[in-house]
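The values are calculated or read from the model by the stated rules, or taken from the named source; none is laboratory data. In this text, all values refer to a predicted model and were calculated from it rather than measured experimentally. Cβ atoms come from the backbone with ideal geometry, glycine included; neighbour counts cover every protein chain shown.
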Amino acid sequence: MRRMVKSLIPAALLLALATLAARAGELAVQLRGPGLAESAGFVLAQARGYYAQEGLAVTLHPAQPAPPFESLARGETDLAVAWMPTALVARENGLPLVHIAQILARPALRLTCRRDAGVAQAADLRGKTIASWFGGAEYPLQAWLNRLDLPADDSLSGVALLAQWAAGAEMLRHKQAACISTLSHDPVAGHGLVELDPQDQGAAVLEDGLYVLSGALAAPGAETRLAGFLRASMKGWHEAVAHPEETARLILGPDPDQDAVQRQAALLRRMAGLLSQSGALDPDDYHRTVQALRAGGDRAVLRRDPQRATTSAISDRAAVAAPAAAAADALPPR
């Protein structure tokens, strides 16, 4: 993936100054997936007209198999939702991504493992086979393994990584892996399974954030538009988790299956505990993420400390305008 990122850099440098400036009031946003619930707040904000209230015409691009920032690098979108490790690796390889907001304040990545494979805790992972979604999801997993001093080298003293199926639970059922990658809001239930949390080893890293190309921040009015997008998005997200069944019906479309509604609603209820309150990045959480990605010596996910990889200008501006927006919402209709 690092080679793929490098191939996109020249186009990104040429397009960075043009995107936001060329379409005043318009924003194209690349979502990440694969699940519907992971984009629910954005979808709801658009459906409720929250972006329009900020003077924005927002186009939401559905999640793709490729990393979300690829469409950003090609100039097809102005913003991308991506996990922080993936974005920092891309930046280290030359793509000028800048983090402007953090949607999820707490990480969701977990490993769900089979006790009958000998895994009851993280220390038992040595010599085991672990499934990963890859596509960037292997970076936080690699940082976790580095904290455990477990090389992903297919050896008895390390671990073996293999590509995870869409129905990852089947890999556990058929004993094709000792552990699969899961998310805290989408757990795998079953007898004899144990869920491991990287936070127990101090290896948890931040996930869904908003990213732009650095040059785009210099475009006239860019900060105002991006702050409006953040403000509307967080409003959408908090409404989505507060009304999970209504939101589930919205994201599933007309006449949804009731079982699907209940499943999506359950995901949203569990996501409530992951959300940032305002979208502002906590500096301590950021530094812990970088430290986790820098750990591991030659196996470290990041080779260098990132420089100027984040800005608080957007979340600060969004927060300043938020009280006025809240007061306006509270006014009775004329």
Looking only at segment 114-142, and only at residues there that are in a loop (DSSP other than H, G, I, E, B) and among the hydrophobic types (A, V, I, L, M, F, W, C), the one that is surrounded by the most Cβ atoms within 10 Å (Cβ to Cβ): Val119
Of residues in segment 299-334 being modelled with pLDDT of 95 or more, part of a helix (DSSP H, G or I) and not hydrophobic (A, V, I, L, M, F, W, C), the one surrounded by the most Cβ atoms within 10 Å (Cβ to Cβ): Ser315
Residue list for segment 185-231, restricted to those being assigned to a loop (DSSP other than H, G, I, E, B) and of a type in the set (D, E, K, R): Asp197, Glu207
Condition met for Gly55 (of a type outside the set (A, V, I, L, M, F, W, C), outside the structural domain of Gly221 (by TED's automatic domain parsing), under 24 Å from Gly279 (Cα atoms) and part of a loop (DSSP other than H, G, I, E, B)): no
Residue that is modelled with the highest pLDDT [pool: residues in segment 118-146 that are touching a strand residue (DSSP E or B) at 6+ places or on another chain (Cβ under 7 Å) and among the charged types (D, E, K, R)]: Lys128
Test: residue in segment 161-180 that is on the phi > 0 side of the Ramachandran plot, of a type in the set (D, E, K, R) and free of Cβ contacts under 8 Å to residues at least 24 places away in the same chain: no
Condition met for Leu193 (of a type outside the set (Gly, Ala, Ser), under 17 Å from Leu125 (Cα atoms) and touching a residue at least 24 places away in the same chain (Cβ under 8 Å)): yes
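Kindly establish whether Thr77 is out of contact with any Cys (no Cβ under 6 Å at 6 or more places or on another chain), hydroxyl-bearing (Ser, Thr, Tyr) and closer than 17 Å to Ser181 by Cα.
no
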Count of segment 243-291 residues which are of a type in the set (A, V, I, L, M, F, W, C) and either within 17 Å of the chain's Cα centre (by Cα) or at pLDDT below 95 (or both): 9
Residue among Ala87, Ala82 that is assigned by TED's automatic domain parsing to the domain that holds Gln30, surrounded by 23 or more Cβ atoms within 10 Å (Cβ to Cβ), in a strand (DSSP E or B) and in contact (Cβ under 8 Å) with a residue 12 or more places away in the chain: Ala82
Filtered residue count, segment 249-272, keeping only those that are touching a residue at least 40 places away in the same chain (Cβ under 8 Å) and crowded, with 17+ Cβ neighbours inside 10 Å: 7
Checklist (1) among the basic types (Lys, Arg); (2) modelled with pLDDT under 95; (3) closer than 12 Å to Asp208 by Cα applied to Arg106, failing item: (2)
Selection from segment 278-290 of residues that are crowded, with 16+ Cβ neighbours inside 10 Å and assigned to a helix (DSSP H, G or I): Asp285, Tyr286, Arg288, Thr289, Val290
Pick from segment 32-53, criterion of a type in the set (Phe, Trp, Tyr) and touching a Phe, Trp or Tyr at 6+ places or on another chain (Cβ under 9 Å), ranking: farthest from Arg269 (Cα to Cα): Tyr51
Any hit, segment 93-112, residues being surrounded by fewer than 24 Cβ atoms within 10 Å (Cβ to Cβ) and without any contact (Cβ under 8 Å) to a residue 12 or more places away in the chain: no
Residue match in segment 296-304 (condition: among the β-branched types (Val, Ile, Thr), more than 21 Å from Val205 (Cβ to Cβ) and touching a helix residue (DSSP H, G or I) at 6+ places or on another chain (Cβ under 8 Å)): no
